[in-house]
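Undergrad: Take a look at the following structure, please.
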Amino acid sequence: MVGDKMPSELSLAEQYGVSRTVIREAFRSLAALQMISLSPGKRASVSLSNGEPVARILEHSVRMDAVAIQDVYDVRRTVEARTATLAAIRRTDKEAENIAWHASQMKSLFHDPAAGMEHDIAFHHAIARASRNKVFEMMITSFEGITRETWPVGWRSRNSDAERLAMVDLHMDLASAISQRDAIRSAEIMSQHFDVSTRALLSAGIR
């Protein structure tokens, strides 16, 4: 369980017949994956899982040209259409209000793209939380680094403010569909959103 203390280095070394150095290196590897937490003078403890280890792998793979940005967006389209469906079914009233608020902030901050991006990212995280699926939450977290790199490119690649506003309006429509508990419409709008985003990145030369 999260927060549980791990056995000591000494007890694990004795149990598995290896040196404490081997156990210490294993602990460091697990800490790098954020599976355990290490603190000086304290026993290691189990950490809350999140999407950051997967994010590192994805970002490294993209930088090494082992994975294309479009591959990531294809996966996001599939995953996030499902999160939108579940959010429409499972969301609380407070969660629906929070999702709608982030969408409205994107519109209010239309001429401040950096702030708009933060609300866009928060919007997608809020939908993932409302889906009540921890795996989807971790996956959305794992996409954040790549989103931060590609979002400004997609914003600039749109030819006019009208196109940018249409993208923002999709978020408003999605928030409305989730608020109305329209699961089918929510998935359709999310898929449309990623189709539009993919075309914007392709027009900017991102494959």
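The values are calculated or read from the model by the stated rules, or taken from the named source; none is laboratory data. Here the structure is a predicted model, which is why all the values come from computation and not from measurement. Every residue, glycine among them, receives a Cβ derived from its backbone with ideal geometry; neighbour counts consider all protein chains shown.
Undergrad: Mind checking which residues of the range 36-71 are closer than 17 Å to Phe143 by Cα and touching a Lys or Arg at 6+ places or on another chain (Cβ under 9 Å)?
TA: Across the range 36-71, the qualifying residues are Ser49, Ala68, Ile69, Gln70.
For every residue, the table says whether it meets (1) within 21 Å of the chain's Cα centre (by Cα); (2) within 23 Å of Ala126 (Cα to Cα); (3) at pLDDT 90 or above.
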site	(1), (2), (3)
Leu12	no, no, no
Tyr16	no, no, no
Arg28	no, no, no
Ala31	yes, no, no
Lys42	no, no, no
Leu48	yes, yes, no
Glu52	yes, yes, no
His60	yes, no, no
Asp71	yes, no, yes
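Undergrad: Residues in the range 179-207 that are outside any loop (DSSP other than H, G, I, E, B), exposed (fewer than 14 other Cβ atoms within 10 Å of the Cβ) and of a type outside the set (A, V, I, L, M, F, W, C): how many?
TA: 3
Undergrad: Among the residues of the range 84-93, is any of a type outside the set (Val, Ile, Thr), free of Cβ contacts under 8 Å to residues at least 40 places away in the same chain and either out of contact with any strand residue (DSSP E or B) (no Cβ under 7 Å at 6 or more places or on another chain) or surrounded by fewer than 20 Cβ atoms within 10 Å (Cβ to Cβ) (or both)?
TA: Checked against the condition, which is being of a type outside the set (Val, Ile, Thr), free of Cβ contacts under 8 Å to residues at least 40 places away in the same chain and either out of contact with any strand residue (DSSP E or B) (no Cβ under 7 Å at 6 or more places or on another chain) or surrounded by fewer than 20 Cβ atoms within 10 Å (Cβ to Cβ) (or both), the range 84-93 yields at least one hit.
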